[in-house]
Amino acid sequence: MSAAAIGAELLERDVRLIDAGQAAGVRDRLVGPGGLLLEVLSDPATLSSRAVQSGAMAGADAMMVGTTAIVYSGESAGRHKAEATIAVRIVDTATGDIVAYATMTEIGLGSNSEAAASAAAERLGAAVGEQLGEQLFQ
């Protein structure tokens, strides 16, 4: 949900995105089989070098790499609550420079835990997408 909302915000700014199948292949090359994305995100040098390699293979000018965690917070007064947190970076695949970065948390409410998680993820993606779009075009 977060990725879709971020993508929608970036598409509004005429950023072209690769399809989901191609993105999955890039992800596999970026983190390796069974690898963890968080380890790559926490090491800017590794992220930069792998983004340059993967971007060249995919023909991409930039690569967005991130992770979202959603925690269910329980129910109160008939409403379920979830909290979504994201860390995302956009790397220029020609230079390896991190050209945009966002870390944010949003809360979502819903009639059940899944609806609350979806609401939190969607709100988060929309907010982060807007912020990343601003950073990219400044």
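The values are calculated or read from the model by the stated rules, or taken from the named source; none is laboratory data. These numbers come from a predicted model, not from an experiment. We place every Cβ from the backbone using ideal geometry, glycine too, and count neighbours over all the protein chains shown. Each accessible area value is taken on the protein alone, full model and side chains, heavy atoms only, with ligands, DNA and RNA left out. Shrake-Rupley method; radii C 1.70, N 1.55, O 1.52, S 1.80 Å.
Could you tell me how many degrees, from 0 to 90 and to the nearest 10, lie between the Cα long axis of helix 113-136 and the main elongation axis, the longest principal axis, of the Cα atoms of the chain?
The helix 113-136 is inclined about 40 degrees to the chain.
Could you provide, to the nearest whole Å², the per residue accessible area of region 86-138 with probe 1.4 Å?
Value for region 86-138: 47 Å² per residue.
Spelling out what I want: for every residue of region 96-101, take phi, set θ = phi - 60°, compute 6.51 cos²θ - 1.76 cosθ + 1.60 (Karplus), and round to whole Hz; glycine and proline get x.
Once θ is set to phi - 60°, the couplings for region 96-101 become x, 6, 7, 9, 7, 8 Hz.
What number, in percent, do you get for the relative contact order of the chain if the mean sequence gap of Cα pairs under 8 Å and at least 6 apart is divided by its residue count?
That works out to 27 percent.
Charges at C-beta only: +1 for Lys and Arg, -1 for Asp and Glu. How large is the resulting dipole of region 27-100 about its Cα centre, in Debye rounded to 20?
Magnitude of the dipole: close to 180 debye.
Ignoring everything but the protein chains, give the 1.4 Å probe accessible area of Met104 in square angstrom, nearest 10.
Rounded to the nearest 10, that gives 50 Å².
Using θ = phi - 60° and the Karplus curve 6.51 cos²θ - 1.76 cosθ + 1.60, what whole-Hz ³J(HN,Hα) does each residue of region 51-63 get, with Gly and Pro shown as x?
3J(HN,Hα) across region 51-63, in whole Hz: 5, 4, 5, 5, x, 5, 5, 8, x, 9, 7, 8, 10.
Based on the Kirkwood radius over alpha-carbon pairs, what value in µm²/s does the Stokes-Einstein equation return for the translational diffusion coefficient of the chain at 10 °C and 1.306 mPa s?
Working: Rh = 15.6 Å.
Translational D for this selection: 102 µm²/s.
Hey, any idea what % of the chain's accessible area is carbon plus sulfur with a 1.4 Å probe?
Details: 4010 of 7660 Å².
C and S fraction of accessible area: 52 percent.
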